[in-house]
Amino acid sequence: MNAVERTEVKQPRTNASPWAIARRKFLKNKLAMTSSAFLLIVIILSFLAPYITTVDISRVNVGYSGLPPSSENWLGTDTSGRDVFTRLLYGGRVSLTVGMSVTAIVIFIGTLIGSVAGYFGGFVDSVLMRFTDFILNFPFLIFVIVLNAILFNKVSGVWVLIATISVLSWGGIARIVRSKILAEKENEYILAAQSIGTPASKIIVKHLLPNVLSVIIVQATLTFAGMIIAEAGLSFLGFGVPQEVPSWGNMLSSANKSDVLQNKPWIWMPPATIITITILSINFIGEGLKDAFNPRSFK
Amino acid sequence: MLKYSLRRILGMIPMLILISIVVFTLAKLMPGDALSGEIDPTNTNPEYIENMREKLGYNDPYYKQYIRWITDFAQGDFGKSVRYKTKVSSIIAEKLPNTIFLGVASLVITYILAFIMGIYAGRKPYTLGDHAIGGFNYFGLAIPSFVAGVFAIYLFSFKLGWFPSNGSVDIMVQEGTLEYWLSRIHHVILPALVLGMLSTASYTQFLRNDIIENSRKDFVRTAKAKGTSQSKIYNVHILRNSIIPLVTFLGFDIVSIIGGAVITETIFTYPGIGQLFLTSVQARDYSVLMAITMMFSCLVLVGNLVADILYGIVDPRIRLE
């Protein structure tokens, strides 16, 4: 019994499933693994922020404004006397929530429209794709800001921002999913499923989507990075999450004041650095996933 | 080719109409008088507002208002700015040259940097220099322009003092002199670098990969067998083939410069259209806002069209689709 087991271990695992191969390749990718670990730490720290620090983030203390880093305030305090480190943790919570929610919505809409257009083809396809083209032709930043100006004083908040960004950003995903579905549906197993009367919704969900899932996962990673940038950029310009809610972009917007930018780098450098490193690591994870799912790459 | 281009241009027209309808709807949703800017927002007398609305035709059915607005817009009449008390078209005309200057400068810098780095990395792949350029590219693609802009001002303007941190030209210099132009170039370098960073990284990456791929092709082997010098193979035979696909990026550059201009011009307080756009939101100068929105939407459409047509020129297979 023992001997049999040992020989099995020694054999090259040629019959591993594509997912197992991808997982092994990804685990071997040092850069992607380091990035994943870093991202995980950032996510955990951000979402556990209320348990990690007990400092009240909304407390404005003018007496403590603009203090350089010290043992009491690890990263100093901002112009309103709030602790930068605490705000960085809470800011991560908002920025990552926005990034994840938008990514989830965008992937959902994009996959839905892309797979329906790709599977049914013909008239449905042309209508949906013209609509996608239409969405893609909007200058994103401009329209979010205009919508923001319209909604000014009526509704505001993180969820409005998430909705606005999502509505304008699903076009690219829809196009990619459509092109993948178009290629995938030519396979015989789809014809077989159709011939035994499988309903279209079941063919798409059970047969087609699992085969384009790897592409969707890679796109989701890249979208996540893009959406963190979008949130931070909009908040930096003052059109993102409301000013009183800490987010990385809101914190960075203090660099718009020339005094802060020039003389108090501890206020704007932490959010700038954390944004950059987070985006970098998400991109590395995306590259690693792309590589892991690519059957032609051997590492 | 002509047929393909014409088809693309014709296909753009319904999109243009749809987008103009969206912009019109948004303008109608805006508080106050976003289309013409004729009604004085400080005057809250209901009788005055009602008179003005009647005079400007705001009580007409929407389709009539739309047609009037779009005809005026096509003729270059964008209404009046509430903030500046003058025509929107003349404000835009004043700021537009600055943005065009910034965009062109950023393209020039992008092309120069990307060519130097891409050609070097493509010629010597997997060496230290290639890895360094690859690392730079990763940063270029990952760092958002507003973070890069803030860091650039802090480092190059405040710490090193190499470049000015705001404005488009020194106030002291006389317009039209050589000094004036030098000062403008001096002011534009830093924002242009930041604006072009993303495209620089993607151009470099593309050029490098394309050169490596081309260097394995048969025509390179033939050239080598005939004894052509290495530099001639790379600078003439390969580069010519690798530059062609790069051309298609130009359309997307137009699109990305439009979005980037808003952020970059704000960080560097550079007086262009992007900054005008943001200050108009803050000042609730909605007629300027909508005029710029419509203009940018048209430009994005033109950018995508240019990309499409260039694709058709480069790859004849696309034309047949």
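The values are calculated or read from the model by the stated rules, or taken from the named source; none is laboratory data. Note that the structure is predicted; figures quoted are calculated from it, not measured. So basically every Cβ, Gly included, is an ideal-geometry build from the backbone, and we count neighbours across all protein chains shown.
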Exactly one condition in (1) under 21 Å from residue A:133 (Cβ atoms); (2) within 10 Å of another protein chain (Cβ to nearest Cβ); (3) buried (at least 18 other Cβ atoms within 10 Å of the Cβ); (4) aliphatic (A, V, I, L, M) is false for residue B:254; which is it? (2)
Could you go through region B:27-49 and let me know if any residue there is modelled with pLDDT of 85 or more and touching a helix residue (DSSP H, G or I) at 6+ places or on another chain (Cβ under 8 Å). no
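Counting only residues that are touching a residue at least 40 places away in the same chain (Cβ under 8 Å), of a type in the set (S, T, N, Q) and more than 8 Å from chain B (Cβ to nearest Cβ), which one in region A:269-284 is farthest from residue A:69 (Cα to Cα)?
Restricting attention to region A:269-284, the residues satisfying the condition of being touching a residue at least 40 places away in the same chain (Cβ under 8 Å) are A:270-271, A:274-275, A:277-284.
Adding the requirement that they be of a type in the set (S, T, N, Q) leaves A:278, A:281, A:283.
In the following step, the residues that additionally are more than 8 Å from chain B (Cβ to nearest Cβ) were identified as A:278, A:281.
On the way: A:278: 22, A:281: 26 Å.
The residue in question is A:281.
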Among the residues of region A:126-139, which ones are within 14 Å of another protein chain (Cβ to nearest Cβ), part of a helix (DSSP H, G or I) and not β-branched (Val, Ile, Thr)? A:126, A:129, A:130, A:131, A:133, A:134, A:136
Pairs under 8 Å by beta carbon, first residue more than 21 Å from residue B:220 (Cβ to Cβ) in region B:123-136, partner among the hydrophobic types (A, V, I, L, M, F, W, C) and surrounded by fewer than 17 Cβ atoms within 10 Å (Cβ to Cβ), six or more apart or different chains? none
Taking the stated definitions as given, is residue A:261 assigned to a helix (DSSP H, G or I), modelled with pLDDT under 85 and facing chain B (nearest Cβ under 10 Å)? yes
Suppose the filter is in a helix (DSSP H, G or I) and under 30 Å from residue A:257 (Cα atoms); does residue B:132 pass it? no
In region A:240-260, what count of residues is obtained for those that are closer than 19 Å to residue B:265 by Cα, of a type outside the set (S, T, N, Q) and surrounded by 22 or more Cβ atoms within 10 Å (Cβ to Cβ)? 4
When you go through A:122, A:99, A:171, A:114 one by one, which is the residue that is small (Gly, Ala, Ser) and touching a Gly at 6+ places or on another chain (Cβ under 8 Å)? A:171
Can you tell me which residue is surrounded by the most Cβ atoms within 10 Å (Cβ to Cβ) among those in region B:128-154 that are away from chain A (no Cβ under 14 Å) and modelled with pLDDT of 90 or more? B:133
Would you confirm whether any residue within region B:292-305 is crowded, with 24+ Cβ neighbours inside 10 Å, within 12 Å of another protein chain (Cβ to nearest Cβ) and of a type in the set (Gly, Ala, Ser)? no
Of all residues making up region B:69-83, the number that are out of contact with any Asp or Glu (no Cβ under 8 Å at 6 or more places or on another chain) and either within 18 Å of residue B:273 (Cα to Cα) or not aliphatic (A, V, I, L, M) (or both): 7
State all residues of region A:231-249 that are more than 9 Å from chain B (Cβ to nearest Cβ) and either more than 20 Å from residue A:83 (Cα to Cα) or touching a Gly at 6+ places or on another chain (Cβ under 7 Å) (or both); if no residue qualifies, say none. A:231, A:234, A:235, A:240, A:242, A:246, A:247, A:248
Any idea which residue in region B:260-291 is surrounded by the most Cβ atoms within 10 Å (Cβ to Cβ), counting only those that are touching a residue at least 40 places away in the same chain (Cβ under 8 Å) and out of contact with any helix residue (DSSP H, G or I) (no Cβ under 6 Å at 6 or more places or on another chain)? B:286
Please specify each residue of region B:66-83 satisfying the condition of being free of Cβ contacts under 8 Å to residues at least 12 places away in the same chain and among the hydroxyl-bearing types (Ser, Thr, Tyr). B:71
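Here is a yes/no grid of residues against (1) more than 14 Å from chain A (Cβ to nearest Cβ); (2) touching a Cys at 6+ places or on another chain (Cβ under 7 Å); (3) part of a helix (DSSP H, G or I); (4) surrounded by fewer than 17 Cβ atoms within 10 Å (Cβ to Cβ):
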residue: B:17; (1), (2), (3), (4): no, no, yes, yes
residue: B:49; (1), (2), (3), (4): yes, no, yes, no
residue: B:60; (1), (2), (3), (4): yes, no, no, yes
residue: B:93; (1), (2), (3), (4): yes, no, yes, yes
residue: B:101; (1), (2), (3), (4): yes, no, yes, no
residue: B:110; (1), (2), (3), (4): yes, no, yes, no
Determine which single condition residue A:171 fails, assuming it passes every other condition in (1) within 14 Å of chain B (Cβ to nearest Cβ); (2) over 16 Å from the mean Cα position of the chain (by Cα). (2)
One residue is enough: does region A:62-74 have a residue meeting the conditions in contact with a Phe, Trp or Tyr (Cβ under 7 Å, 6 or more places away or on another chain) and either over 18 Å from residue A:251 (Cβ atoms) or modelled with pLDDT of 85 or more (or both)? no
Go through region B:155-184 and give me each residue that's more than 13 Å from chain A (Cβ to nearest Cβ) and either within 27 Å of residue B:248 (Cα to Cα) or of a type in the set (Gly, Ala, Ser) (or both). B:168, B:176, B:183
If I filter region A:243-255 for residues that are without any contact (Cβ under 8 Å) to a residue 60 or more places away in the chain and of a type in the set (Ser, Thr, Tyr), do I get at least one hit? yes
